[in-house]
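Following: one structure in structure tokens, then a few remarks.
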Amino acid sequence: MGKRSRQRQKNQPAGRDHRDNAGWGSGYAEIVKENKLFEHYYTEQGLVPDGEFEQFMDAMREPLPATIRITGYKSHAKEILHCLKEKYFKDIQELEIDGQKIEAPQPLSWYPDEQAWHTNMSRKIIRKSPLLEKFHQFLVSETESGNISRQEAVSMIPPLLLKIEPHHKILDMCAAPGSKTAQLIEMLHSDMEVPFPEGFVIANDVDNKRCYLLVHQAKRLNSPCIMVVNHDASCIPMLQIQNPDGKKDILFYDRVLCDVPCSGDGTLRKNIDVWKKWTTSNSLHLHGLQIRIAVRGVEQLAVGGRMVYSTCSLNPIEDEAVIATLLEKSEGALELLDCSSDLPGLKWMPGVSSWKLMTKEGKWFANWSEVPSSRHTQIRPTMFAPTDAEKLAGMHLERCMRILPHHQNTGGFFVAVLVKKAPMPWNKRYPKLRKEASQGSEAQTPSSPAQPASLPEVEEMEEGSVDVQEVQESQESQEVQDGASKGSSSSDKKDGVCGPPPSKKLKTFGYKEDPFVFLSESDPVFTTIQSFYNLSPNFPKMNVLTRTHEGKKRHLYMVSKELRNVMLNNSERMKVINTGVKVWSRNSDGEEFGCAFRLAQEGIYTLQPYIHSRIISVSVDDIKVLLTQENPFFSKLEDDAHAQAKKINMGSIVLKYIPNPEKPAEPQCSIQLCGWRGKTSIRAFVPRNERYHYLRMLGVEVFREKQGVTRKPRDEEAKGEGEGEAAVEEVVQPLEDETELDLENGKENGSAEAKTV
């Protein structure tokens, strides 16, 4: 091993050069992209059209193109798209490096409104051109501020097929790392004029650590309608809500995203390890878990609701076999939808109605009757297509969608859309369901509130793929296999589908979360806040919460009233990792100016509609000054903003830009910033990457040289204002440091806008 390691070090320069010529996200030159078993298996399955298998394998060996998605719900999404097209893509189209013309990024033809783009540019090419380096820095900065998400193209498909509306209650069952969850949140907030949509997203993941990655993704979108919870998706508890008449009812979701853990053989282009780890047994070990999660999803789906089942696997054992099992056991309660016209421009292959199963020893089985009894604990009847031709035809498995990599230069993916037409048949067999639920029964029926689930060891990789070797060794996989073998006496239990999810031993959670405490309308904290900010009478005080029972409240958060309902009625059923958006933070010196809480930039778009004082209307030039200088004096602002600032007492303020349709060269979306009115100056409390974002929207170019020296802004309007121009160079920090610029500490000009406690 040591010799091999030294040899790898010896050849490191060549290896790095090889990786540099690959696409973004690549870099495993030492792994041979060959797996004869994989090729043999998929040749026999016949999933790839005749004559295309060589193209299919060639595409699998190519690096995956980088894809980006513009955050669609924010009102300035169009401004970001305009910035990309005019400032970056247009220049790239005319760029040549080493005599080779660079291929400019192209929009995904099937994604609405040109909100998603892909590019094949390599890291080596990016380093050779300052223009491309600038583009890369733009992507990094905008991603941190939540305005752009770097997400695989096929991963964008499931949320689109869910057809989200602002009033929908949504469950994302296996949500980490959170790119799909972000799409769901965006769709809820399609109308930015509505700060609290009626709908919400409950994003769940089994892995506690990955839940915090999920929190990071969700926080970038600053939504009061997202809750992150930590449960095993296969037995995620049923929740209760309180109706307007005071009676409790079961929470059923309008939309369920069921992106299950899978073997991930559709991710060979980015997860290079799969080339050497892939075996035919991968799908066999995950099939039972996938069915359990999907069953739990349709149980919690409202009648008339829609569930999307998806995997990043091409294997029918994980795809059509699971869908066929759901349809068969539902006895007509579920229908597979035809979504062929929902995403025009997307190329996909119809689902198959026949497939074979192969063991790791290479033995093939075409149906359950061929499987010897010695294999019945590893191979299940649900892994095969139904033998009844009429029943199989009625399932319409051809409505499933399989995306092959060589058709549109993407990863491999499978997606199916189900609609619930009636309650699941096994739910009907429990007539005392609602009564048991209201009495807090511990019976683990499919629709009774389950106890907090234990944390199995199954861990997702990337967008839902798992390391199957780890899963095989985990307690979760062992429980799935044990449950299958123990249930072989009856067909319902044997298939692990029709009955309720097996009971799991309650385990104590390994992480202690701070409590979520809702404030009462009479809480004294509102006394000064109400008068200081002149809040609207309809401000929803009951939706404000904090994370401490005792002591001073450091931060105040807000959630929608629907999420408040969920939290208050299920505190013992679910483990909440994070929820809400921060709207106020305690300021040590603020109390002497009338209010101990200053506004938080994260929640300004949620909170501002309820604020009727301490608002300063600013122009484009004012924002440039505020974002490029730490503490500009009032005199630096234009006359109108200057006059407004002088009339306001010291303390937290809102800086609001309203677009002027008569000036199309300026941003045509509203901009709201948090600030502090000091004795003689005004300061913007805006995180670093958001500063960069707004400056770019205003035409100020923020770019760091490779040596770490910040280039002066190429803003024609700013030229001649030497003071402001120099300030940009001083204030805007290099992008090497990924932490936020601390804009909350340090006093200048005698203002007390500094400390937080």
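The values are calculated or read from the model by the stated rules, or taken from the named source; none is laboratory data. None of these values were measured; they are calculated from a predicted model. Cβ placement follows ideal geometry from the backbone for every residue including glycine, while neighbour counts extend to all protein chains displayed. These area figures cover heavy atoms from the full protein model, side chains too; ligands, DNA and RNA do not enter into them. Shrake-Rupley method; radii C 1.70, N 1.55, O 1.52, S 1.80 Å.
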I'm checking a number: the convex hull volume of the Cα atoms of segment 587-700, normalised per residue, in Å³. What is it? 106
Spin-label model distance (nm) - Asn649 vs Ser588, 7 Å beyond Cα toward Cβ: 2.2
The FRET efficiency for Ser670 and Leu95, from their Cβ-Cβ distance with R0 = 41 Å and rounded to 0.05, is 0.75
Residues whose built amide H sits under 5 Å from the amide H of Trp584, excluding neighbours closer than 5 in sequence, are Leu556, Ala600
Show me the ranking of peptides 348-360, 98-110 by mean Cβ neighbours inside 10 Å, starting with the highest. 348-360, 98-110
Which one of Phe593, Leu556, Ile623 has its Cα pushed farthest toward the positive end of the charge dipole of segment 536-684, where Lys and Arg give +1 and Asp and Glu give -1 at the Cβ? Leu556
Accessible area in the full protein assembly, largest first, 1.4 Å probe, for Arg255, Arg399: Arg399, Arg255
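In what order, largest first, do Tyr212, Tyr610 sit by accessible area if the probe radius is 1.4 Å?
Final ranking, largest accessible area leading: Tyr212, Tyr610.
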Could I have the simple spin-label model distance between Ser374 and Glu572, label points 7 Å from Cα toward Cβ, reported in nm to one decimal? 5.1
Cβ crowding within 10 Å averaged over residues, with 203-211, 139-147 ranked highest first: 203-211, 139-147
Round to the nearest 0.05 the FRET efficiency obtained for Val303 and Ser613 when R0 = 41 Å and r is the Cβ-Cβ distance. 0.30
I need the GluC sites (Glu not before Pro) found in segment 181-233, filtered to DSSP loop residues with at most 15 other beta carbons within 10 Å of theirs. Glu193, Glu198
Treating every alpha carbon of segment 105-221 as one equal point scatterer without solvent, the Debye formula yields log10 I(q)/I(0) values at q = 0.15 Å⁻¹ of -0.77
Which of Met227, Gly199, Pro166 sits closest to the plus end of the dipole of segment 135-230, meaning its Cα is farthest towards the positive end, when Lys and Arg get +1 and Asp and Glu get -1 on the C-beta? Met227
Taking θ = phi - 60°, what integer Hz values does the Karplus form 6.51 cos²θ - 1.76 cosθ + 1.60 yield along segment 202-207, in sequence order, with x for Gly and Pro? 9, 9, 10, 8, 6, 8
